[in-house]
Structures are given as C-alpha cells and as structure tokens.
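Take a look at the structure set out below.
Just so it is clear, none of the values below were taken in a lab; they were calculated from the coordinates. All figures in this text were calculated on a predicted structure; none of them were measured in a lab. No Cβ is skipped: glycine too gets one built from the backbone with ideal geometry, and neighbour counts run over all protein chains shown.
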Ligand code: ADP
Ligand code: MG
C-alpha cells in the first residue's frame, strides 16, 4: 500500500546566499519499506525529512500523503496528520521536561485518545527504560533520552516513521537494537525512512538511496561504495 509520494520536490533556503538542498526529489514510500537515504553532512537529508514530516513546505513539486496533496492541507490538518500518522525520531526532538517518561509516552498516544498505560510500559521495556518510567528527562543520559524519543515516536503506531540519524549517541548494542526495532516496525506494516551520513546500515535497507546535488538516486542495485 502506498503511504506517501514525493514528486519533483524542490526546496531552497534563501538567507542571503541561496542554498538548494532538494532540487528534484522523487520517492514513493509503501508500507513495509525500510528506506535508507545516505549522504554527507549538509547535503539536505534533514530537509528531506522535514518536508516528508510536513514541517516544511516545499517550493515546488507535489507531496502526496495517502493520495492527498499535503500542500492543500491547513495547519491543523497537517498537525493532525503528524500526530496521527507520523513518528519522528529526530536529532533535535525533545521530551516534555515537566513530564516523566511514562507521562511523555501517554501524552504522545494522542490528545483525546484513550490512554493505554500497558502499551507505554511495553515500549519502555523494549527500549530498556522500564526502570526509568518515573524519571524526568533531565534525569536521563543522552542515550536514554534518544531511546525514550524513539519509544515516543512509535507509540501511536505511525504509518510513516522518519528517522534522522537515529543511532547517534547510542552505543553498539542500542544502535543495533534501534535498527532492529525500526525493521520490525516496517515488517508490521509501517514504512520507515531513515537518513544517515554513513553507509553502515546499507544492508538492512529494502531500498537504498543517496542524496546528491539535490537529487535522490536509487543505489539499491549498485555495489556498496
Ligand atoms: P543534512 O541533514 O544532510 O546534514 P540539512 O538538510 O540539515 O543537511 O541542510 C542542508 C543544507 O541547507 C545545509 O547547507 C544547511 O546549512 C542548509 N540549511 C538547513 N536549514 C536551513 C535554514 N533553515 N536556513 C538556511 N539554510 C539552511
Ligand atoms: Mg541532518
């Protein structure tokens, strides 16, 4: 099932000098996909995820989410889409400082939704945080915070999971574990788009792309570089 589709997306930043991280990017994402986008730092990977996450409006091209043109969405429709269908594992995502970990997860289950504490506890367990459920974010290490953000990103069973260098700050064990959990999510019907500056996870991908000069190139078929 198709979840979203970028068609000839163009994005530039105009702050003095014009920077064009996305010139002409096309990508179709289906449920079950685990798409890895590689590219060096500064190339536009995060920009791509901001567009896919409807946090940033492109300057050209079309972005369809479940066949609907997102550029026609109002702000509240976009925020409903994000809260309901998209999970963000971003470098700069933050937990709510005044809430404990468990409360952060319950909050992310959705405003107006029925709360499911058992599911929150199950996710905390999967991310090795069961004994930190009552901790506030400031009481966690950087790696624990990142795992907590990953748990929060998954709690509403998002159709699309956007992961921006999700293994940064994590040790070997948890890097492997995060990738395993993301693959498991794809296996259970979500789609994952993960961007990374290294090619380490290439073999895990169902589709491997490289962002280069503002264009997304499918390198699934080529040998690892
Ligand atoms: P990556 O995630 O691959 O490191 P980014 O998408 O963060 O790359 O950034 C791509 C380019 O766009 C960089 O050169 C960056 O400096 C520039 N850039 C990112 N955000 C902005 C912004 N809000 N305003 C101006 N330039 C930006
Ligand atoms: Mg980035």
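Here is how the numbers come out for the structure above:
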read-out	value
Separation between Cα centres of region 1-47 and region 182-216, rounded to whole Å	12 Å
Acute angle (nearest 10 degrees) that the helix 117-126 long axis makes with the longest principal axis of the chain, alpha-carbon atoms	70 degrees
Beta bridges per DSSP with both ends in the chain, % antiparallel, nearest 5	50 percent
Degrees, to the nearest 10: 142-154 long Cα axis against longest axis of the chain	80 degrees
Listed peptides 71-82, 53-64 by packing density, highest first (mean Cβ within 10 Å)	53-64, 71-82
Gain in span if fully extended, residue 203 to residue 118, counting 0.36 nm per residue against the direct Cα distance	27.2 nm
Max mean-square fluctuation residue, GNM over the chain, Cα-Cα springs under 10 Å, options 172, 204, 66	172
Normalised per residue, the volume of the convex hull around the Cα set of the chain (Å³)	133 Å³
Least to most buried among 14, 102 (fewest other Cβ within 10 Å first)	14, 102
Mean Cβ count within 10 Å, highest first, over the residues of peptides 30-41, 125-136	30-41, 125-136
For q = 0.11, 0.12, 0.16 Å⁻¹, Debye-computed log10 I/I(0) when each Cα of region 134-225 counts as one equal scatterer	-0.36, -0.43, -0.73
Selected from 153, 120, 94 as most flexible by GNM, with the chain as the system and alpha-carbon contacts under 10 Å	94
Alpha-carbon centroids, region 143-181 and region 51-125: separation in whole Å	15 Å
Quotient of Cα Rg and 2.2 N^0.38 Å for region 1-101, N being how many residues it contains	1.15
More than 18 Å apart - percent of Cα-Cα pairs taken over region 17-63	31 percent
Burial ranking of peptide ranges 103-110, 15-22, 214-221 (average Cβ count within 10 Å, highest at the top)	103-110, 214-221, 15-22
